[in-house]
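A short worksheet on the structure shown next.
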Amino acid sequence: MKALNPGCLRNVVSRPPQPPLFHAAIVATTLSLPSSSPPSSRPFSVLNRPPPNYPGHVPLTRTERAALTLGGGLISLLDPYRGDLIAAVGETTATPYFASRLRDAMLGSPTGRRILRERPRMTSSSLSLPRLRALPARTVGGTYAAWLDREGVSPDTRAGVRYVDDEECAYVVQRYRESHDFYHALTGLPAVREGEVALKAFEFANTLLPMTGFALLAVGTLRPAERARFWSVYGPWAVRNGLRAQEVINVYWEEEMETDVDELRARLGIETPPDLREIRKRERAEKKRLKEAAAAAKV
C-alpha cells in the first residue's frame, strides 16, 4: 500500500448535473458575495467566505464540507446516477491528505511532473475523437474511442472541480476524473454498476482516494450473482492489479494514443480481467433459454 504524505492542503452514463438541494444554498451564498471584498479579520464562515482560489472554486467551512460529504455520500449510494454528488463527495474527501499524496506521486515521476506543468485537459475536441476512431483497433486511442462509442459515453461530461481548496491539487483531482474512462478502456470493464464497482476497487488500491473506497459499499446493491462474482473474480483482480500497477495518474494519455494497448498494459503492470460484458451477455442468453423452455413445457 502506498504511503500517505500530508503535503499540500490539494461508468454509467450520468444524467445532466443536478445540484443537490442541501448545497444549492452554499453556491448561492458564494455567488452573492462580491469577490473583490477586502480581507476580513472575522473567522471563515458562511457569511464571511474568502474569495475563490481559482475559477469555479467554492470554499467550504468544515460544517459545510461534512454535510456535503455525508449527505452526498448517502444519496449517491442510493442513486449511482447522481454524478454531481459523486464528484462533490470525491472532492470533499480528497483533501487535505489524499489529493496531495497523489500530487506527490506525480511530482516523483518525470511524466507526472510534465503533466502538472502543462496541465492538459481531456475533452472530445482536445482528444480529437474522429482521429482516434481512425486509429487501429489495438492502439490505446482506438481502444478508447471504441469503448466510448460502445458505452455511449463522452469525455465532455466530466464536471470541473469546485471544492478542493489548493489550486494545484484541484488539477490533480480533475486529471484523475478525466482519466477515468481510459481506465475503463484499458481494463475493458463496461459502464454498468457491476463494472463501475470493480473499477472503483482497482482505483482505490492504486490511488487511495477515499471516494473510490466508499463506492465499494455499492457491492451491497448488486444482484446476488453479481455480488458473488465480485468477491470471487473482480474484487481480487482489482486489489492485485491496483497494488502492483504503476501510478496510473502518471500516464500522459494524450501521448499514448498510437501505442499498442497491450504494450501499455504490460508497461503499467495491468492484466485484463475476464470480459464482464460477455459474461453478462451469456447470462442473459441462458435466462432467456430457460424462460422459453419453461414456457414450452406448459404448452
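Size of the dipole of region 140-299 about the Cα centre, Lys and Arg at +1 and Asp and Glu at -1 on the beta carbon, nothing else charged, in debye to 20?
Computed charge dipole of region 140-299: roughly 1500 debye.
Compute the projected area of the convex hull of the Cα atoms of region 96-298, averaged over all viewing directions, and report it in nm² to one decimal place.
Mean shadow area of the hull around the Cα atoms is 13.1 nm².
What's the extension gain from ALA137 to ALA293 if we count 0.36 nm per residue and subtract their Cα-Cα distance? Walk me through the numbers on the way to the answer.
Working: separation 156, 0.36 × 156 = 56.16 nm, distance 3.90 nm.
Value of the extension gain: 52.3 nm.
Sticking with the crude label model, points 7 Å out along Cα→Cβ, report the distance from ARG284 to THR272 in nm, one decimal please.
So the label points at ARG284 and THR272 sit 2.0 nm apart.
Can you tell which of HIS184, GLN174, ALA146 lies farthest toward the positive end of the dipole of region 132-190, using +1 and -1 charges on the Cβ of basic and acidic side chains (Lys, Arg; Asp, Glu)?
ALA146
Using alpha-carbon positions, what is the distance between the centroids of region 108-174 and region 50-99, in Å?
21
If each of SER124 and VAL192 carries a label point 7 Å out from its Cα toward its Cβ, how far apart are those two points in nm?
Here the modelled spin labels are 2.5 nm apart.
Please work out how much length the chain gains when fully extended from LEU217 to LEU116, using 0.36 nm per residue of separation minus the C-alpha to C-alpha distance, in nm with one decimal.
Numbers: separation 101, 0.36 × 101 = 36.36 nm, distance 3.19 nm.
My answer for the length gained is 33.2 nm.
Taking +1 at the Cβ of each Lys and Arg and -1 at the Cβ of each Asp and Glu, which of ALA245, TYR97, LEU116 sits farthest along the dipole of region 96-298 towards its positive end, judged by Cα position relative to the Cα centre?
About the Cα centre, the residue reaching furthest to the positive side is ALA245.
Name the chymotrypsin sites (Phe, Trp or Tyr not before Pro) in region 176-259 that are in a loop by DSSP and that have at most 14 other C-beta atoms within 10 Å, would you?
The qualifying sites are TYR252.
Each value in this text was obtained by applying a stated rule to the coordinates, not by laboratory testing. None of these values were measured; they are calculated from a predicted model. Backbone-built Cβ (ideal geometry, glycine too); neighbour counts: all protein chains shown.
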